[in-house]
Amino acid sequence: MDRKVVIGILIFTVLIIVGAILFSQNSPSKSSLQKTAGASVQTFETSFDFKDIPYGGGKAERSFKIKNIGDKELTIANLSTSCMCTVVYLKKGNEKGPEFGMKGMANASSWTGVLKPNEEGQVIAVFDPAFHGPSGVGPISRLVSFETNDPDHPYVEFSFSGVVVK
């Protein structure tokens, strides 16, 4: 092979790699939350066992209630899950926020949700038991998490488990 062709291929490869790195750094980024004295998140149930989850029974959904027990607005951001088979979103009354998936995937955004003082919301976890295909039966354990501006609870995590059965 001609030396110029090899050098051209190498330069092209390096440019592709550098471009991919720069593109990923300029993609929508995670929200950066300023801690706010007076914002305070209260969680209730932090884990749940679905027991048996039918493989062909559709998605399994669990709601985890949260409440702002502070006197300042509580900001919720950077919702994520531990597996691509699960999505998570914030719901307030009839208002549903966007769905987010696994950490590190292309779903990071600057979206934030707000709970006013004494306002309640729900962090909804939705698990797809068919996501991993027929070989994905058996015990599962997944996490959903988010960040807050609560100085005492900047990171909140909920877990659920079960057994995917045919």
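Structure notes:
- Some residue of segment 116-130 being in contact (Cβ under 8 Å) with a residue 12 or more places away in the chain, part of a loop (DSSP other than H, G, I, E, B), exposed (fewer than 15 other Cβ atoms within 10 Å of the Cβ) and hydrophobic (A, V, I, L, M, F, W, C): no
- Consider segment 91-115 and keep the residues that are in a strand (DSSP E or B) and in contact with a Lys or Arg (Cβ under 8 Å, 6 or more places away or on another chain). The one that is surrounded by the most Cβ atoms within 10 Å (Cβ to Cβ) is LEU115.
- A count restricted to segment 55-65 and to residues that are assigned to a strand (DSSP E or B) and not aliphatic (A, V, I, L, M) stands at 5.
- Some residue of segment 66-89 being assigned to a loop (DSSP other than H, G, I, E, B), at pLDDT below 95 and loosely packed, with under 14 Cβ neighbours inside 10 Å: no
- Across segment 152-166, the qualifying residues are those that are under 19 Å from VAL114 (Cβ atoms) and surrounded by 14 or more Cβ atoms within 10 Å (Cβ to Cβ), and the one among them that is farthest from the chain's Cα centre (by Cα) is HIS153.
- Answer residue from segment 138-151, given it is farther than 20 Å from LYS65 by Cβ and assigned to a strand (DSSP E or B) and is nearest to the chain's Cα centre (by Cα) among those: SER141
- Tally, over segment 44-90, of residues that are farther than 25 Å from VAL137 by Cα and either of a type in the set (A, V, I, L, M) or more than 17 Å from the chain's Cα centre (by Cα) (or both): 15
- Residue in segment 1-18 that is modelled with pLDDT of 95 or more and either surrounded by fewer than 11 Cβ atoms within 10 Å (Cβ to Cβ) or not in a loop (DSSP other than H, G, I, E, B) (or both) present: no
The values are calculated or read from the model by the stated rules, or taken from the named source; none is laboratory data. If you're wondering where the values come from, they're calculated on a predicted model, not measured in any experiment. Cβ: placed from backbone, ideal geometry, glycine included. Neighbour counts: every protein chain shown.
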